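Some notes on the structure that comes next.
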Amino acid sequence: MEMRRAGNSGLTLSRLGLGTMTWGRDTDEHEAADQCRAYIDAGGNFIDTANTYGDGDSERVIGGLVGTLFNRDDVVIATKSGLSFPDGIRNVDASRQSLICELDKSLARLDSDFVDIWQVHAWDAHTPLDETLAALDYAYTTGRARYVGVSNYAGWQLARAATKQHSNSMKAPITTIQAEYSLLNRDVEIELLECANDCGVGFLAWAPLARGVLTGKYRTGLPSDSRGAAPHFANHIEPYLDSRSSRTVDAVGVAASGLGYSPLEVALAWVRDAPGVTSAIIGARTGAQLRGALKSEEITLPDILRSALNDVSA
């Protein structure tokens, strides 16, 4: 699998990352091990998780795979802190106290002394940015995090954070920004991708398949075994089941049929090779689903097809 440099750092990531949001909940330990094995065999080196995934169970599953399926130093593990859902209500807390406390809990679940990339999960409008960044500095200087980043920041928020960190060589540089990006959600093209490039920050795309909608599985209804039918995922899928999204999904299906590929391969290759993208993070419930996604490594979209998909999804 092709490796790419994350921004101006020395960190290299495979251009497809392994997402683990379903691990420990919809994906049990055996399925997770099967996915991890398939991913590493394909040449991948980047596993992404968060303290909230499965209420921490995703990190525990990954920790159990360290030393059995892979050597710790051969894989880049990224996690996030600063977001929680008490009683199902979204709560952002990027204070120094909360972030460091959650990081130490993540390290314990991962059974590791360090995490390769530690990311603030969301912008906290109620905590001074300097306090949030001080937590990143602490993790960086104490060796708990080898690199630090942010997630779901707007362009101006990333610019503020990156500029503050890069202006002082004693502070932890912002290495990555993670945000949603797909043919059904191209908001990052407005300013975030350009901002990341100008700031020397690597861009990590999550939900490159628009939460599974771009595979075409929802074109004729709601499959009973799909994420869209799961109570904890339904609200995430619903925004992409409108008529506007359907036109793009249909176009991807037509393009895939003409090339002899699957819609998944076309949609994923579009994000993976979009200008400014370091890595596209793919998540699957089963090893079979993941192997289907990894087949996208075998294809490169023709420029004329990329242009057509750009137009239809604009």
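Residues that are in contact (Cβ under 8 Å) with a residue 24 or more places away in the chain and either assigned to a helix (DSSP H, G or I) or hydrophobic (A, V, I, L, M, F, W, C) (or both) within the stretch 182-197 comprise Leu183, Leu184, Ile190, Leu192, Leu193, Glu194, Cys195, Ala196, Asn197, listed in sequence order.
Filtered by the rule that a residue be surrounded by fewer than 18 Cβ atoms within 10 Å (Cβ to Cβ) and part of a loop (DSSP other than H, G, I, E, B), the stretch 283-298 gives a lone residue, Thr286. Scanning the stretch 1-51 for residues that are out of contact with any strand residue (DSSP E or B) (no Cβ under 8 Å at 6 or more places or on another chain) and assigned to a strand (DSSP E or B), which turns out surrounded by the fewest Cβ atoms within 10 Å (Cβ to Cβ)? Filtering first and then ranking leaves Thr27.
Considering the stretch 52-111 alone, what residues qualify as being surrounded by 16 or more Cβ atoms within 10 Å (Cβ to Cβ), without any contact (Cβ under 8 Å) to a residue 60 or more places away in the chain, under 20 Å from Ile281 (Cα atoms) and among the basic types (Lys, Arg)? Matches in the stretch 52-111: Arg60 only. Looking across the stretch 266-310, the residues that are within 25 Å of Glu31 (Cα to Cα), small (Gly, Ala, Ser) and at pLDDT 95 or above come down to Ala267, Ala269, Ser279, Ala280. If the condition is being under 17 Å from the mean Cα position of the chain (by Cα), among the hydrophobic types (A, V, I, L, M, F, W, C) and under 20 Å from Leu264 (Cα atoms), then the stretch 7-39 contributes Leu16, Leu18, Met21, Cys36.
The values are calculated or read from the model by the stated rules, or taken from the named source; none is laboratory data. Quick caveat: nothing in here was measured; it's all calculated off a predicted structure. Using ideal geometry, Cβ is built from the backbone for each residue, glycine included, and neighbour counts are taken over all protein chains shown.
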